[in-house]
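So the structure is just underneath, and the comments pick up after that.
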Amino acid sequence: MNFAKLRGFYVSKLQKNKKILYMIAGCSILMVLFMFFSLYNRNIYAISVDGKVIGNAKNEKVIEKLKQELLDDYRDKMGCEIAFYQNIQVEPVKALGQKVDTEQQLREKFRKILSVKIKAVCINIDEKQAAIVSDKEIAERVLQDVKDHYVEKTPGDLIKIDIAEKVTLAEKYVNPLSILNEEDAKNLILQGSLEMTTYKVQQGDTLWDIAHKQDMSVEELIQANPQLKSVDKLALGEIVNLKTIKPLLNVVVTKKVVYSENIPYKTETVKDKSIVKGNQKIKQTGQNGERQVTAEVTYKNGAKIEQNRIDEKIVKEPVNKIVACGTKVQLASRGSGRFLWPSSGRVTSPFGRRGRGMHTGIDIANSKGTAIYAANSGTVSFVGRKGGYGNLVIINHGGGFSTYYAHCNSTLVKSGQSVSRGQKIATVGTTGRTTGPHLHFEVRVNGQPKNPISYLGK
Ligand SMILES: [Zn+2]
């Protein structure tokens, strides 16, 4: 065998094998590359909550499954329709360079991040959300409670009830924490706020004290408490609001109210010849009557705003008071007529000598309380107690003339006051030295007592 030939044979065989090896190696690399690409260049799903990526899922099915699982869980707990509070978005992304969360990892993330909102009913007042309750039935009950509150608060039989605002109910998914119970929703609508801050009046408190303690003005406090009857009288233990009540609804209630009313009696005067002129006697006492009034009363949020009488019926007629006025003229006098008779009654003691003394006036007897009139116009120069005169009024008439009115029960004028002729100035009494009720009347000229009869009318 030719050695060179043999060598050539082996070399060519070896070269052939090398080629196959190269081909095998090339194919392997391609396969690895393909596997690598198919593994990492496939799509996975990025999950974002309210715009922030929280993780990746290998497919959308896992995400849906986990969301449903969580919703079912909450629904079982809350027993109502729910939705996720957050906005969840799923977007396919290239897996290259991304970490894929396992189902368990995603479940934990979901439970930690996601919260639910629940289907509830909003009570909207004039298109503005006022209160949220869990369902329509409760919402309707709350509105009825509000109406009932004002109906019960006011007297009478209901004619009609109107709500000034437009009230609508709307379903909405909300944060479970924003849902109110029936009582709270009612109070919110009635008072304008959930919490009523109140204060219990302590011994000796005035509105000013309370306002000062609460850092409010007295005006604010009064505004918050229209129920207070008197600003300066607070009852111990009374509850005072520290916040103004601003109802969210204006409820106008119209009612038929029946109430009784006094009919005041009238006074009738009749002339009576048996009674001395100037004297009066009550012949019949007056008695108030009573009428039953039916009225249509309109209340706004419990406060009366209008009242119209629709019917009235007299239950009891009033009884007139009859006063008899005396016309009997006193004949005990004759004189110049300069002065009026200051009172009515019998002259029991004339002017002049009396025993060892001097009676400086005339005594006109009548019952205690009988009116005493100024005998003429003038100026009161004295009112007060003076020895045996008792309560005394002196009127200066000018020109040296003055008149005295003594033993008065009460005096009705003040010193320095001008009085007119016939003006009531005092009443008959027993003050000073007297044996019975009478007027001791004096006329003095330049201080000297004169016989009054000479100056009185006939
Ligand atoms: Zn006298």
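VAL252 meets all of the listed conditions (1) modelled with pLDDT of 80 or more; (2) within 30 Å of THR294 (Cβ to Cβ); (3) surrounded by fewer than 15 Cβ atoms within 10 Å (Cβ to Cβ) but one, namely (3).
Taking the conditions (1) over 57 Å from the mean Cα position of the chain (by Cα); (2) surrounded by 21 or more Cβ atoms within 10 Å (Cβ to Cβ); (3) on the phi > 0 side of the Ramachandran plot in turn, HIS407 satisfies each one other than (1).
Among the acidic types (Asp, Glu), in the same structural domain as GLN129 (by TED's automatic domain parsing) and modelled with pLDDT of 80 or more: is that true of GLU171 in this structure? So GLU171 fits the description; yes.
Considering the range 400-409, the residues that are closer than 15 Å to ILE364 by Cβ and not in a strand (DSSP E or B) include one that is nearest to the ligand (Cβ to nearest atom), namely HIS407. Taken as a whole, the condition of being assigned to a strand (DSSP E or B), under 22 Å from VAL258 (Cα atoms) and not assigned by TED's automatic domain parsing to the domain that holds GLU306 does not apply to ILE132. For the range 126-180, the set of residues classified as free of Cβ contacts under 8 Å to residues at least 12 places away in the same chain and closer than 20 Å to GLN307 by Cα consists of GLU152 only. Counting only strands (runs of 3 or more DSSP E) wholly contained in the range 7-86, the ones carrying 3 or more residues that are more than 60 Å from the chain's Cα centre (by Cα) and touching a residue at least 12 places away in the same chain (Cβ under 8 Å) occupy 43-49. Counting only strands (runs of 3 or more DSSP E) that sit wholly inside the range 143-235, those with at least 1 residues that are over 20 Å from the mean Cα position of the chain (by Cα) are 157-163, 167-174.
Of the strands (runs of 3 or more DSSP E) lying entirely inside the range 295-393, those containing at least 1 residues that are surrounded by 14 or more Cβ atoms within 10 Å (Cβ to Cβ), of a type outside the set (Val, Ile, Thr) and more than 14 Å from the ligand (Cβ to nearest atom) are 303-316, 321-328, 371-373, 378-385.
The values are calculated or read from the model by the stated rules, or taken from the named source; none is laboratory data. Given the structure is predicted, the values throughout are model-derived calculations rather than measurements. Because the Cβ atoms are built from the backbone with ideal geometry, glycine has one as well, and the counts that use them run over all protein chains shown.
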